[in-house]
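Here is the structure we will look at.
Please treat every number below as a calculation from the coordinates, not as lab data. On a predicted model such as this, the values are computed, not experimentally measured, just so you know. Here the Cβ is made from the backbone with ideal geometry for all residues, glycine too, and neighbour counts use every protein chain on show.
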Amino acid sequence: MCLLLLCGCAVKYGQVDEEKAELINRNNELKRENTEKDQTISDLNSLIESLNKSVEDLQKEAEGLKDTIKSLEESIDVFENDSSGSGSKIAELEKTVADLQAQIEAQNELIVELENKKLIEFDPSIPYHTMYPDLYAELADEVVVPEGKTVYLTFDDGPSDRTDEILAILDQYNIKATFFVVPRRTDECFRRLRAIVDAGHTIGVHTYSHDYSIIYASVESYLDDFYKAYELIVEATGVKPDIFRFAGGSLNDKTYKIIAEMTRRGFTYYDWNASGDDSVSDPPPTVESIAQNSISWVMRRQEAVLLLHDEKKKTMTVEALPTIIETLMAEGYNFLPMNNKVTLYQQRKLK
Ligand SMILES: [Zn+2]
């Protein structure tokens with residue numbers, strides 16, 4: 001009985017030990033788990049800490065960016081103030097330039113007036129004043145300002161094999177134009193000159209030689225060349241031309257004295273303020289380009305003097321002509337022949 005009891009106690013004690021060991025194990029396990037959790041918490045804390053740090057850094061960065069934006073905005077303000085400042089400075093300078101130009105123009109007009117008075121008087125001591133005593137025209141004393149939009153079609157360098165075609169087109173639209181001619185003593189040329197005059201167009205002198213080295217060598221040389229052309233026109237048509245166009249236009253440094261002399265003789269010269277560019281070589285003209293250039297140039301003007309050419313090779317000018325005429329008619333332009341009462345268009349007056 002006693003042995004049993006002992007055995008029973010021993011068993012009981014053995015169980016307690018086991019339970020104890022188990023509890024210790026469990027405890028150790030929990031401790032380990034706690035340690036692990038602590039570690040995790042500590043890891044999470046340091047993660048949070050580093051995230052906070054990142055947030056802080058980002059905030060700092062954002063602050064920095066704000067500062068940058070602010071200083072950029074300030075720079076823009078400064079720039080805008082600056083450029084508006086320089087804008088008004090430019091406007092101021094432009095006004096000064098415009099004022100100066102107006103002054104120069106007024107002075108030029110005064111000079112022109114003085115030069116005209118001085119140069120227009122006959123002076124027998126000037127050799128070219130005594131040349132060609134019949135080469136005089138009546139200088140227009142009145143000025144005609146056309147009403148509405150006006151275009152003066154002008155054809156240089158004819159007559160040519162194209163003259164009859166040009167005349168037929170002008171006739172078809174019942175409009176008058178101006179021919180600055182380079183005449184020759186041939187039946188064909190005389191016939192064409194007469195056809196121009198008979199149809200009611202204006203005939204003006206262009207040149208005889210069309211050679212700049214001859215024409216612009218001197219005033220005498222200019223008069224020699226001019227007179228040859230003038231004489232042929234008078235002989236062929238009976239009309240004494242009183243207007244002319246310089247070969248190459250008046251804008252060259254040789255025309256100053258010539259203009260004075262021709263003005264003294266009563267002749268009026270005309271340049272142009274619109275061109276079909278039918279004589280340019282680069283790029284070569286086409287029917288479309290001639291029409292387009294003519295139309296767009298004329299449409300920029302209330303009064304336009306359109307330069308075209310009457311030359312054998314220039315078939316494209318003839319082909320472009322109906323489009324030019326029809327378009328400008330539709331735009332409300334009147335077509336007039338030039339005369340010496342028309343005040344435009346001289347690129348260079350006496351200076
Ligand atoms: Zn010419």
query: Among the chymotrypsin sites (Phe, Trp or Tyr not before Pro) within region 130-210, which fall in a DSSP loop and have no more than 13 other Cβ atoms within 10 Å of their own Cβ?
result: Tyr136, Tyr173
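Given R₀ = 45 Å, FRET efficiency for Ala91-Ala330 by Cβ-Cβ distance, to 0.05?
Values: r = 40 Å, r/R0 = 0.88.
Result of the calculation: an efficiency of 0.70.
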query: Going down the list Lys176/Lys257; Lys149/Lys312; Lys228/Lys314; Lys228/Lys257, which pairs span over 22 Å between their C-alpha atoms?
result: Lys176/Lys257; Lys149/Lys312; Lys228/Lys314
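Where the only charges are on Cβ atoms (+1 Lys, Arg; -1 Asp, Glu), what is the dipole of region 120-335 about its Cα centre, to the nearest 20 debye? Walk me through the intermediate numbers first.
Values: 20 positive and 36 negative charges, 16 e Å.
About 80 debye.
Evaluate the relative contact order of region 120-335 (contact order divided by residue number), counting alpha-carbon pairs under 8 angstrom at least 6 apart; express in whole percent. Walk me through the numbers on the way to the answer.
Values: 363 pairs, mean separation 62.8, N = 216.
The value is 29 percent.
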- line: Under the rule rounded for a/c under 1.5, else prolate if a/b exceeds b/c, else oblate, using alpha carbon gyration tensor axes a ≥ b ≥ c, region 198-338 is classed as prolate
- prompt: Once both labels are modelled 7 Å past Cα along the beta-carbon direction, what's the Lys60-Arg185 spacing in nm?
  reply: 10.4 nm
